[in-house]
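The values are calculated or read from the model by the stated rules, or taken from the named source; none is laboratory data. Just so you know, these numbers come straight off a predicted model, no measurement behind them. Positions of Cβ are backbone-derived with ideal geometry, glycine not excepted, and every protein chain shown enters the neighbour counts. Surface areas here come from the heavy atoms of the whole protein model, side chains and all, with no ligands, DNA or RNA. Shrake-Rupley method; radii C 1.70, N 1.55, O 1.52, S 1.80 Å.
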Amino acid sequence: MARLILPCKSSSLAKTSLSGFISSPIRATCRSSCVQNSSNNFFKYRHFLTSQAPLQRNYQFPYPSSYRAKETSRRFLCSVATETLPKQIEESKMDRPKEIFLKDYKLPDYYFDTVDLHFLLGEEKTIVNSKIIVFPRVEGSSSPLILDGQDQKLLSIKINKKELKEEDYHVDSRHLTLPTPPASTFTLEIVTEIYPQENTSLEGLSKSSGNFFTQCEAEGFRKITYYQDRPDIMAKYTCRIEADKSLYPLLLSNGNLIQQGELEDGKHYALWEDPFKKPCYLFALVAGQLEGRDDTFVTRSGRQVSLRIWTPAQDVPKTVHAMYALKAAMKWDEDVFGLEYDLDLFNIVAVPDFNMGAMENKSLNYFHNWTGNRVTCRDWFQLSLKEGLTVFRVQEFSSDMGSRAVKRIADVSRLRSSQFSQDAGPMAHPVRPHSYIKGAEVVRMYKTLLRSHGFRKGMDLYFKRHDGQAVTCEDFFAAMRDANDADFANFLLWYSQAGTPLVSVTSSYNAEAHTFSLKFSQEVPPTPGQPIKEPMFIPVAVGLLDSTGKDMPLSSVYQNGILQSLATNNQPVYTTVLRVTKKEEEFVFSDIFERPIPSLLRGYSAPIRLQSDLPIDDLYFLLAHDSDEFNRWEAGQVLARKLMLSLVSDFQETKPLQLYPKFVDGFRNILGDSSLDKEFIAKAITPPGEGEIMDMMEVADPDAVHAVRSFVRKQLASELRAEFLNAVKSNRSAEEYVFDHPNMARRTLKNIALAYLALLNDPELNELALHEYKTATNMTDQIAALAAIALNPGKTRDDILEDFYSKWQHDFLVVNKWFALQAMSNLPGNVKNVQNLLNHPAFDLRNPNKVYSLIGGFCGSPVNFHAIDGSGYRFLGELVVQLDKLNPQVASRMVSAFSRWRRYDETRQKLAKAQLEMILSSNGLSENVFEIASKSLAV
C-alpha cells in the first residue's frame, strides 16, 4: 500500500538567507511566483524572456499559435514509499519520517468558515494576526482542536475574545492543541511572530532580494500561523497587509482589492478579499518593489477583468507575449470548457528565483482556477487529480494554439524520459498521489474513450457536483461515468497500480474470410511493494492502412463473442478505440479485403510500452504514409531504437558501425516533404535520447550508447549534408521578428539542421555556425548557434561562450541557459569545467534556478555524470550534502539522479552506492533527502 512520507521533526538548516525566491516563471497564465497566475506547469517565465525573445525591439506578437506548455518538476514534502526501510537507515542519525496512509484518512473534527489575516511586515520580524470562525463537524462535540505550526512564536490566543491562559492550551514544535474548545461555532484569534528573513526553507513567508513572498503548497501555511494545514479545510479569506511604503510599494494577496490607504510613519496598507472558499495552501502574499504590465479582458458575460503582470522593472518589456498568452487562455477556456474567470482582477508575479518553480494561488493563476482551486483535492493523495487534470487542459490549449502532433510528441517524450524511468526504479509509484504527467495521461484516456462531447459532459457534471469542494480521484471518475452512462470496468487501477504496462500485439490476416486479427497481451512489471498486478483498462486507438498508404474504412470488429458495428450514422470510421481490459484479448476486423498494415496506439492513446510484430518494412511504410502524425513519428523512433540497440551490441563487441541506407533515405524523404509541418520534421529527424536507449537495456552502458548516438547523428550529418545546408539557408529570415507557429517551426528546423552540421567539425560549417550566431535577431537563433559552436572544443568555442556571457550577463535567465548549455556538454571530462563554474561570479548555490541549470544540467549528461572514474557521482554527492543545509527541497531533486544506480555495471553501482551511503551518513540530514536516498538504497 502506498503511503505519504511527511517530516516529523524540524530539519537542521543553516541560517543562511537566500538571495532569491520565486523560480523565474511567468507561465503566461501560468503558475508563477507565489502570487503567480497560471496553470500548472505552463509557460515558464524563462521561456518568454529568453527562448523566443528577440534581441531587437521591433517585434510583434500577432498570433498565438506557438505556445508551449512547459511542465516543471515540482517536488512536495510528501512522496510515496512502498516498503519498509532497511535497518541501516533506521539507525541513521535522524528520526524516521512519519508515514501517512490513504486508508487512515479521517474527516476533520472542525471546519473553518472564514479566515481574516492581518500582516505587519517588518525588517526583523513579522506579526501575524489571524481571526478564524470555527465550527465543529458534529454539533455539540468537544474533540481537541489540533492546529499545525512551525518556526513561529505564539504571542496570544483568544476564544470568543477571551484570552486563554497557558494551562488552556498546549504548544510544541509542531502543534498548538486546544484540549476542550467550545462545542458550537466560535471565534479563534491567534497572534504569532515569524521571521521571514531567516526562513531558508522558502516555505511559508520568506524574504529575498528585498521582497516578501509566500509558498504554501504543500504544507507551508503552518509556518505563517497556527492552522489546520490540510487541503480539505476550505474557507473564505480576507488579508490585510501593512508595510513601509517606500520599501514595499506593492502589496498583493488573493482575490479582489477591497481597500488601500496611507498609514502613519510612512506605512500603507492593502485589504484583499477572496469571495471563494480555498484551502490554505492556495494563500498568497507578495510585498515589494515590482512593476507591472496592465491590460483588460472582457468575459463572455460582459465583465471586465483587470490583468496585471508584475516583475522586476527591467523585465517588464519582456512580458508582452505573456499577456497575450494569458488573454488567449482565458478565451480558450470559455470556448472549450465554458469556464469564465470569476474575479475582477488577475495577477501574475514573476521573479528570478522561487523554490517550487511556480504556484497556482487563487486569483493568481489561470488554468488551475477551476481544476485545482474552485475544485481542489481532499488530501495530498489526490494531488494527481488537480495537477493531472490541469496539465491535460494546458496540453490541450497548447495543442490548439500550435501543432497538435508536435505538442503530443513533446508530451510523450517527456512522459517517457521522466515517468517511465521512474516507474522502472525504486521511486515507482501509482498515479495517485502525485504523478502529474502520467495523471494528465489518465485524464486524456477519459477523453479518448468518451470523445470530446462526452468528456465535456463529464467535466460539466464534475463542476456542477463539486464546485467549492475538496474531492478525490473517484469523484472525477464518477462524474465521467455518470454523465455518459459509461462502463469503465477496472479503470481506477490506473490510480492505484504503479509501473508502466507492457502491451504486446500480434497480427494475422485471413484472406479467405477477409478478416484481420489483433491479439493483445498485457502485463504490469512488479514494483516496490506491488509484486503482483491486475490487468489494466487500456484504450488502444487503431487504424488500418491499405497498400497505397490510405486509411481503410472499418465496418465492424468482433470481440468476446460480440460483433460490434463501427460505422457512425452510415459514415465510415477510419480510427477506432479498442478497449483492452484483460490479460489477453483478441479483436477481429471484418470486411478487410487486403492485408493491412496496422497503425497501433494512434495519438499515443494510453501511457504504455507497446511491442508489436510489425516487420521493419511495415515500420518504414508507416513512417512514409501514416495519416496519424504521432504514429508516423513513432514509427521512425521505433526504427531508430532498433537500429541503435543493434549498434550498441556491435560497439560492445568492437564491430564496425554501419548505418542502414534505408534509414538514411527515410530521413532524407522527411526532410524533403514540403507538406509536413517544419517543427514536425525537426522532431522526426531527432533520434531517441541516450536515456531512452539505456532504459531498454538489461545493463545500461552510458559509454556505448553515447558512442552509438554520436555515430548515428554524425553519419546522418555527413550523408545528408546538402539537405541540412538547404534547411539552414532556406529557413533563415531577415524580416521583423514574429512569434507565431510558422516562424517558430521555421527556426526550429533551421537550428536542428545547424546542430547536425556542426557535428562534422568542418571549417566551412563552423563558419556557418559562427555566422548564424553573429547575425541572430532573437534568442532562439543565437543560443542555438552557440550550442552548435560549443559542440567542438577549441579557442572559437571558448571565445564565443565568453562573448555570449559578456553580452547577457545582466539577464539572469539567459545566464542560466548559458550555465545549462555548458553543464550538459558531452565533452570528455566536463566535470572539471562544471566545478569551475561553481565559482563563477554569476553562480549562487543558494539560488534554486542556478542549481537546476548547472548541477541539474550536468546530471542530464549521461557520458559525464556516469563517468567510469566516478568523478560525476562524487561531484553530485558532495553538492547534495552542501545543498541540504541550504534548501532541502532542491537537494532532494538533485539526489534523485542516483535513484536508478542498480541499472548500471558493477563498477558504477559501487561508486554510486558509496555516494548514497555518504549522503545518508551526513549529520543533520533533512527528511527530504533522507527519503530519496534511503529508498534508492533500499531497492
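A Cβ-based charge dipole, computed about the Cα centre of segment 382-495 with Lys and Arg at +1 and Asp and Glu at -1, lands at about 340 debye. The Rg/Rh ratio for segment 614-760, using Cα coordinates for both the radius of gyration and the Kirkwood hydrodynamic radius, is 0.99. Net charge dipole, the chain: roughly 260 debye, given to the nearest 20, about the Cα centre with Cβ charges of +1 for Lys and Arg and -1 for Asp and Glu. Expressed in Å, the radius of gyration and Dmax of the Cα atoms of segment 513-574 are 16.6, 50. Considering every alpha-carbon pair of segment 752-825, the percent of pairs per 10 Å bin, from zero through the bin containing the longest distance, is 20, 58, 21, 1.
For segment 633-676, the residues whose backbone nitrogen is under 17 Å from a point 7 Å from the Cα of ILE868, taken along Cα to Cβ, are 648-655. The modelled label-to-label distance between ASP905 and ARG137, using points 7 Å beyond Cα along the C-beta direction, is 5.7 nm.
Cross-link pairs out of LYS131/LYS223; LYS125/LYS267; LYS850/LYS885; LYS131/LYS267 include none exceeding 26 Å in C-alpha to C-alpha distance.
With the alpha-carbon atoms of segment 504-613 aligned to their principal axes, the span from lowest to highest coordinate is 48, 27, 27 Å, starting with the largest. Model label points for SER508 and ALA624, set 7 angstrom from Cα along the Cα-to-Cβ axis, are 2.9 nm apart.
If you wrap the Cα atoms of segment 810-938 in a convex hull and average its projected area over all directions, you get 7.3 nm². Ignoring aspartates and glutamates fewer than eight residues from LYS245 along the same chain, the ones with Cα atoms less than 14 angstrom from its Cα are GLU123, GLU262, GLU264, ASP265. Quick one: pull the percent of accessible area on the chain belonging to carbon and sulfur, 1.4 Å probe, ligands and nucleic acids left out. Summing carbon and sulfur atoms, their accessible area is 50 percent of the total for the chain.
Compared with the alpha-carbon gap, the fully stretched path from GLU264 to SER590 is longer by 109.0 nm at 0.36 nm per residue. Within the same chain, aspartates and glutamates fewer than 8 places from LYS161 are excluded, and of the rest, those with a Cα less than 14 Å from its Cα are GLU189.
Per residue, the accessible area of segment 112-369 comes to 36 Å² when a 1.4 Å probe rolls over the protein heavy atoms. Accessible area of MET644 (1.4 Å probe, protein heavy atoms only, ligands and nucleic acids ignored): about 0 Å².
Only sites in a loop by DSSP and with at most 10 other Cβ atoms within 10 Å count here; which chymotrypsin sites (Phe, Trp or Tyr not before Pro) in segment 723-764 make the cut? Sparse-neighbourhood loop chymotrypsin sites (Phe, Trp or Tyr not before Pro): none present. Counted residue by residue at 0.36 nm each, then reduced by the alpha carbon distance between them, the extension gain from VAL336 to ARG609 reaches 95.2 nm.
Here's the picture: charge each Lys and Arg Cβ at +1 and each Asp and Glu Cβ at -1 in the chain, and of SER936, ALA914, THR114 the one pushed furthest to the positive end of that dipole is ALA914. By its C-alpha gyration tensor, with a ≥ b ≥ c as the square roots of the eigenvalues, how is the chain shaped: rounded for a/c under 1.5, else prolate for a/b larger than b/c, else oblate? Prolate.
Using C-alpha pairs under 8 Å with a sequence gap of at least 6, the mean separation divided by the residue count of the chain gives a relative contact order of 13 percent. Between helix 871-886 and the chain there is an angle of about 20 degrees, using the helix long axis and the longest principal axis of the Cα atoms. Quick one: check the C-alpha center-to-center distance for segment 437-473 versus segment 185-215, whole angstrom. First find each Cα centre; the distance between them is then 35 Å. For segment 382-495, the spherically averaged projection of the C-alpha convex hull amounts to 7.3 nm². Reported to the nearest whole Å, the Cα centre-to-centre distance from segment 658-694 to segment 739-801 is 19. Taken along the Cα-to-beta-carbon direction at a fixed 7 Å, the label points for TYR105 and ARG641 span 3.4 nm.
Here TYR105 sits with roughly 60 square angstrom of accessible surface, probe radius 1.4 Å.
How much length is gained on full extension from ASN826 to GLU878, taking 0.36 nm per residue of separation minus their Cα-Cα distance? Additional length available on full extension: 16.6 nm.
Principal axis extents of the Cα atoms in segment 757-797, from largest to smallest and rounded to whole angstrom, are 25, 16, 16. Across the cross-link table entries LYS642/LYS832; LYS550/LYS583; LYS550/LYS729; LYS386/LYS464, which are compared at the Cα atoms, the separations over 25 Å belong to LYS642/LYS832; LYS550/LYS583; LYS550/LYS729. Based on the Cβ-Cβ distance of SER674 and ASP650, what FRET efficiency does E = 1/(1 + (r/R0)^6) give at R0 = 41 Å, to the nearest 0.05? For R0 = 41 Å, the calculated efficiency reads 0.70.
Placing a label point 7 Å from the Cα of LYS457 along the Cα-to-Cβ direction, the residues of segment 333-347 whose backbone N falls under 18 Å from that point are 337-338.
Using a 1.4 angstrom probe on the protein heavy atoms only, could you order ILE868, ILE233 from most to least accessible area? Don't skip to the end; give the middle numbers.
Numbers: ILE868 90, ILE233 0 Å².
Sorted by accessible area, descending: ILE868, ILE233.
The percentage of C-alpha pairs in segment 112-369 whose separation is greater than 34 Å is 20%.
Comparing Cα centroids, segment 475-529 and segment 531-600 end up 13 angstrom apart.
Within straight-line reach of LYS582, meaning a Cα separation under 18 Å, sit the following lysines at least 8 residues removed in sequence or on another chain: LYS519, LYS533.
Computed from point charges on the beta carbon alone (+1 for Lys and Arg, -1 for Asp and Glu), the dipole magnitude for segment 871-922 about its Cα centre is near 160 Debye.
Computing FRET efficiency as 1/(1 + (r/R0)^6) for LEU155 and MET696, where r is the C-beta to C-beta distance and R0 is 41 Å, gives about 0.10. Its DSSP H runs of at least 4 residues, each contributing -39,500 (n - 2.57), put the calculated 222 nm mean residue ellipticity of the chain at -10500 deg cm²/dmol, to the nearest 500.
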